[in-house]
Amino acid sequence: MELCKEKLYRFAYCYVKNEQEALEIVSEATYKAYLSLKKMKNPEYFETWISRIVINCALDHMRKKKRYTYMEDGGGELPAKEAPISLEEKWDLYEALDQLPPEERAFIILKYFEDRRFKDMAEVLSLPENTVKTKLYRILDKLKKHLKKEEVVSHDR
C-alpha cells in the first residue's frame, strides 16, 4: 500500500478535484481493500486490484454527492503528477476531464495520468483489452471535438 498511495491519491483527485475528498476516497478504498484482502486471488496484481477499488469508491462518492466540483484555491498548484506542461495546459486538461462522465474519466486517467498499458487498463477496468482500446479512442475523439469547439468559441470572442 505504501508504494502506491501517492498514485491512488492522484487517481482519486482527478475525479473530485478536492484534497480532502480525495483523501477520504483513498481512505475508504483502503478500508474496503483491507476487508476484502482474503478474497484477492493474485497478490502480484495488488496495485491493479486496489486501483479498481479506488475507481469504484470515487464513482460511489460522486454519485452520493451529485454536486458540482470546484478547484480549490491553492495558488494554482495541482497535486497531479508533475509534467513539463504549463499551468494553462493543466487547467485545460482538468476542464476537458470534467466534460466526461465519471466512468469515462477512468480511461484517460489510467492511460495518461498513470501511464498504464492497455493490458493493465483492461485488468483494472475488468474489460477485454480491445474494448479498452476502442473506448479510449472514442473518448479521445469526443474530447478532441469538444476542445476544438471550445477553441472556436474562444477565438470568436
Show me 8-17, 47-56, 114-123 ranked by packing, highest mean number of other Cβ atoms within 10 Å first. 8-17, 47-56, 114-123
Can you tell me the order of 24-32, 138-146 when each peptide is scored by its average per-residue count of other Cβ atoms within 10 angstrom, highest first? 24-32, 138-146
Working out 0.36 nm times the residue gap between Gln20 and Asn42, then minus their Cα-Cα distance, what length gain in nm do you get to one decimal? 4.8 nm
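Averaged per residue, what accessible surface does the range 1-67 expose to a 1.4 Å probe, in Å²?
With the other protein chains kept in place, the range 1-67 gives 62 Å² per residue.
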Two-decimal log10 I(q)/I(0) for the range 1-67, as the Debye equation yields it once each C-alpha is a single scatterer, q = 0.16, 0.18 Å⁻¹: -0.48, -0.60
Counting only protein heavy atoms with a 1.4 Å probe and every protein chain in place, the carbon and sulfur fraction of the accessible surface of the range 1-67 in whole percent equals 53
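The values are calculated or read from the model by the stated rules, or taken from the named source; none is laboratory data. The structure presented is a predicted model; accordingly, all values stated were derived computationally and were not measured. Cβ coordinates were reconstructed from backbone atoms using ideal geometry, including for glycine residues, and neighbour counts include every protein chain displayed. These area figures cover heavy atoms from the full protein model, side chains too; ligands, DNA and RNA do not enter into them. Shrake-Rupley method; radii C 1.70, N 1.55, O 1.52, S 1.80 Å.
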